[in-house]
Structures are given as C-alpha cells and as structure tokens.
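Derivation of every value follows stated rules applied to the coordinates shown; laboratory data play no part. Not measured: the values here are computed from a predicted model. Glycine gets a Cβ as well: all are built from the backbone with ideal geometry, and neighbour counts include every protein chain shown.
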Amino acid sequence: MNTNHCRWGILGAAFIARKNWQAIRDAGNASLVAVASRDLSRAQAFIDECQSSAPHAVAPEAMNDYNALLARTDIDAVYIPLPTGLRKEWVIRAAEAGKHVLVEKPVGVNAADVAEIIAACEKHGVQFMDGVMFMHGRRLKHLRGVVDRDVGPVRHISTQFSFMSDDEFQRSNIRAHGKLEPLGCLGDLGWYCLRFTLWAMNYATPVEVTGRIHSQTQQTADSSPVPLEFSGTLTFADGANASFYCSFTTANAQWAIVSGGKGLLQVSDFVLPFHGSQTKYSLTRSEFELDRCKASMHEGRTADVIDEPSSNAPGSQESGLFRTFSELVLSGKRDPHWPHISLQTQRVLDACLASAQDGSKVVKLVA
C-alpha cells in the first residue's frame, strides 16, 4: 500500500459519486484509481465529465467489470453507491477481496442484511463505514459540546429532511423503485434524521418507536410500494423523545432542533450545509419577564459560525469523510464505532417501518 495515500475505486457511476469524486481528490490522503460500471462507455463518460470539472492529477481508469476492479492490487478501498437492493452482494464481495468499504445509505434493505455485511467486513479485517457526510464536518464535532454543555439534558429532538420531486421522479427514479430502493424516502432521507437524533442522544437506543406512511408510490406491478412521505417518533429510556419527518413531496428542508433543560439548538442545514465558506447554528435561551401588567418574552438567541466550506471544497464535510476513512486504512486499525452506528440506525429505521406497516402501533426495541 502507498503509505501516503489510500487508493480508491468506485463501483458504479451514480449521481452521488460525482460529489465524492471531488471529495477523494480534496481529502489530502486519498487518490482515485478506477471507476467501474457495467457499461464501459458510461464509466468513461462519468470520468470525462468529472475530470473536466474537478480534475485528478492522474485520470482514473474506466472499467466495465466490478469483479475486475475488486481484484486489482493497486486499490485499497472502494466506495459503493450502488442501489440498496444490490448493495449487500457487492459489499460482501469487496470484503472478501480484502477491500475496505464505504457505502451509501441506507446500508441495507434491513438490519439482517447490515449485520451480514458487517460480519463479512469483520471476518476479512476491513473497515466499514456508511456515507453520512455530516458526521465528518467541523460543525458537528463542535456541536457535541454545545448540546452537552449549553442545551443541557436533552428532552426533545425534531428533524425534517425533504425535497419536492416531480411526477417523473416518482415514475422512474430508482429512489422510488421498490426493488432497487425499497425503503423510499425513509431510507434516502429519514436515515439522516435518525442518525442525527441518535448522535444527539449519544447513541442511546430508543426503547420504543412509531411510524406512519403518509403517501407512497409503486412504479411497477412486480415491485413493492415505497414511502414518499413518512413521519415517526422515538422515545428513550430517560424520557427524552424525538420526532422526524421525511418526504419526496415537500419543499426543500433539512432542519434540526434539539431542546433541553438549558437551551434550544437550531441547525437549518444539518445534512447539506448552505453554500458558503462558513457553517452556522443558533442557540436560544429565551426568558419570560412579568412586570405588573406587562408580559414579555425575550428571545435570547445567539448565532454562531464555524469556518467550514460547504460542499465540493477542501475542508468540507465530504472531504472530511474520505480523509477520516483513508486515515483508518493507512493506520491499519479498524474503528468499530462506524459499523456499530450503521447497524443501530438501520435497526431503528426498520422498527419505524414495521410500526407504519402495522397501523402505527408502538414497536419496542432492545438496546
């Protein structure tokens, strides 16, 4: 292995891989060797387009065989943005080939799949991690102290991640296809809401959850319907609770609020930081004043900024994701925290879906 750079391959030419193309370049300790697609011309077109926008010093090689990429001795790690319905097979094959694995989310169709994936990675001694980028941003690291110190004991967490799709999206996009992405908006968007909630709760597992599918779509007769709009609640052993909402049919939103005994944290862009050179958050400690006949509520809101660029820039959360992963590969040490929280997130997601499919009945979980 090159001791200075983790050498990467990409399995699949999905849209999200374009952003990560640049993140690999900007990580500082990573290099991209090859991109594979089942269609060589598609792999080459992907490389040509990305190279024209964010060029690597040496253009990666186009390949039309996933197995051939996994067999290469000049690749240490693979990024797999393949659809969820296909992902388990190729993560396991990558692990068997001795490649460290970074995958898109949701990690699997269900928690049993994720447990099998993680077991394969452990068996073959490779690092596993999911691609939740905000986990690797400077802002989230800073907010750990804000939540613990300034928000106080957490009582409620509320999140929303949504975007407005069109009819064509619902008819043809893989994120609404029951075989390729069977979890629909819950897997594509709700995963982020659940991960942020678990992070805010220091990865305590909720004791019970509920879920509700508000609308769904079915692209083909032989595929199952998938959620287009979903909401859920989580209750924790200490009495704290959380609510989340995710949707393919609601205007763009990606906000999170953490309420506690001392204050209220608000992040307006917890998934994808708004464009700019800084990330932001606010802390509110409102005070109520009663002076004879006059009642006043003082907002007590302070805003803070962190020097951290938005997407597609060195120092962004995207480049941080690949830098963190590459550091682990280069160190030769695996970090079990990352597969653990992937499986935890999937188990909570599964429970929310099970509730929704059973009339929103409460589903109990075991930590």
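Per-residue 3J(HN,Hα) values for the stretch 202-208, derived from phi via the Karplus relation 6.51 cos²θ - 1.76 cosθ + 1.60 with θ = phi - 60°, read 6, 6, 5, 8, x, 8, 7 Hz in sequence order (x marks Gly and Pro).
In order along the stretch 14-24, the Karplus-derived 3J(HN,Hα) couplings, from 6.51 cos²θ - 1.76 cosθ + 1.60 at θ = phi - 60°, round to 5, 4, 4, 5, 5, 5, 6, 3, 6, 4, 4 Hz, and Gly and Pro are given as x. Were the residues from Phe274 through Thr73 laid out at 0.36 nm apart, the gain over their Cα-Cα distance would be 68.5 nm. The sum of -39500 (n - 2.57) across all DSSP H runs of n ≥ 4, divided by the residue count of the chain, sets its helix-only mean residue ellipticity at 222 nm to -9500 deg cm²/dmol. When Lys and Arg each count +1 and Asp and Glu each count -1, what net charge do the other residues less than 15 Å away from Leu321, Cβ to Cβ, add up to? Charge balance in the 15 Å sphere: +2. Taking 7 Å steps out from each Cα toward its Cβ at Asp166 and Leu86 produces label points 2.5 nm apart.
An oblate overall shape is assigned to the stretch 78-199, the ratio a/c of its alpha-carbon gyration tensor axes (a ≥ b ≥ c) being 1.5 or greater and a/b not exceeding b/c. Ordering Met129, Met201 by the number of other Cβ atoms within 10 Å of each residue's own Cβ, fewest first, gives Met201, Met129. Model label sites at Asn64 and Asp48, defined 7 Å from Cα along the beta-carbon direction, differ in position by 1.5 nm.
For the listed residue pairs Lys88/Lys179; Lys88/Lys364; Lys280/Lys333; Lys88/Lys333; Lys105/Lys333, the alpha carbons are over 25 angstrom apart in Lys88/Lys364; Lys280/Lys333.
With a Förster radius of 35 Å applied to the beta-carbon distance between Asp238 and Lys141, the computed FRET efficiency rounds to 0.90. Among the chymotrypsin sites (Phe, Trp or Tyr not before Pro) in the stretch 187-272, those placed in a DSSP loop whose Cβ has at most 16 other Cβ atoms within 10 Å are Tyr203. Annotation: amide H of Gln216 within the under-5 Å range of Leu228, sequence separation 5 or more or interchain, hydrogens built in the peptide plane.
The modelled label-to-label distance for the pair Lys294/His56, using points 7 Å beyond Cα in the direction of Cβ, is 6.6 nm. Shown here are the Rg and Dmax of the Cα trace of the stretch 2-153, at 16.6, 55 Å.
Of the peptides 171-177, 302-308, 91-97, the order by per-residue mean of other Cβ atoms within 10 Å, starting with the highest, comes out as 91-97, 171-177, 302-308. Treating only the Cα positions of the chain as identical point scatterers, give the base-10 log of I(q)/I(0) from the Debye formula at each q in 0.06, 0.11, 0.15 Å⁻¹. Each listed q maps to, in turn, -0.23, -0.78, -1.41. Within the stretch 1-75, all pairs of alpha-carbon atoms sorted by distance into 10 Å bins from zero give the percentages 21, 56, 22, 0.
Computed 3J(HN,Hα) for the stretch 288-297, one whole-Hz value per residue from the Karplus formula 6.51 cos²θ - 1.76 cosθ + 1.60 where θ = phi - 60°, is 9, 10, 10, 10, 6, 8, 9, 10, 10, 10, glycine and proline marked x. Shown is the FRET efficiency for Asp304 and Asp222, computed with R0 = 51 Å from the Cβ-Cβ distance and rounded to the nearest 0.05: 0.50. What residues qualify as long-range amide H neighbours of Cys6, i.e. H under 5 Å apart, gap of 5 or more or another chain, H built at 1.01 Å from N? The answer is Ala30, Ser31. Estimated at 0.36 nm per residue, the fully extended path between His124 and His337 surpasses their Cα-Cα distance by 75.0 nm. Excluding Val363 itself, calculate the net charge of residues whose Cβ lies under 13 Å from the Cβ of Val363, where each Lys or Arg counts +1 and each Asp or Glu counts -1. My count for the surroundings of Val363 gives +1. Loop-located trypsin sites (Lys or Arg not before Pro) in the stretch 194-295 (DSSP state other than H, G, I, E, B) with a sparse environment of at most 13 neighbouring Cβ atoms within 10 Å: Lys262, Arg292.
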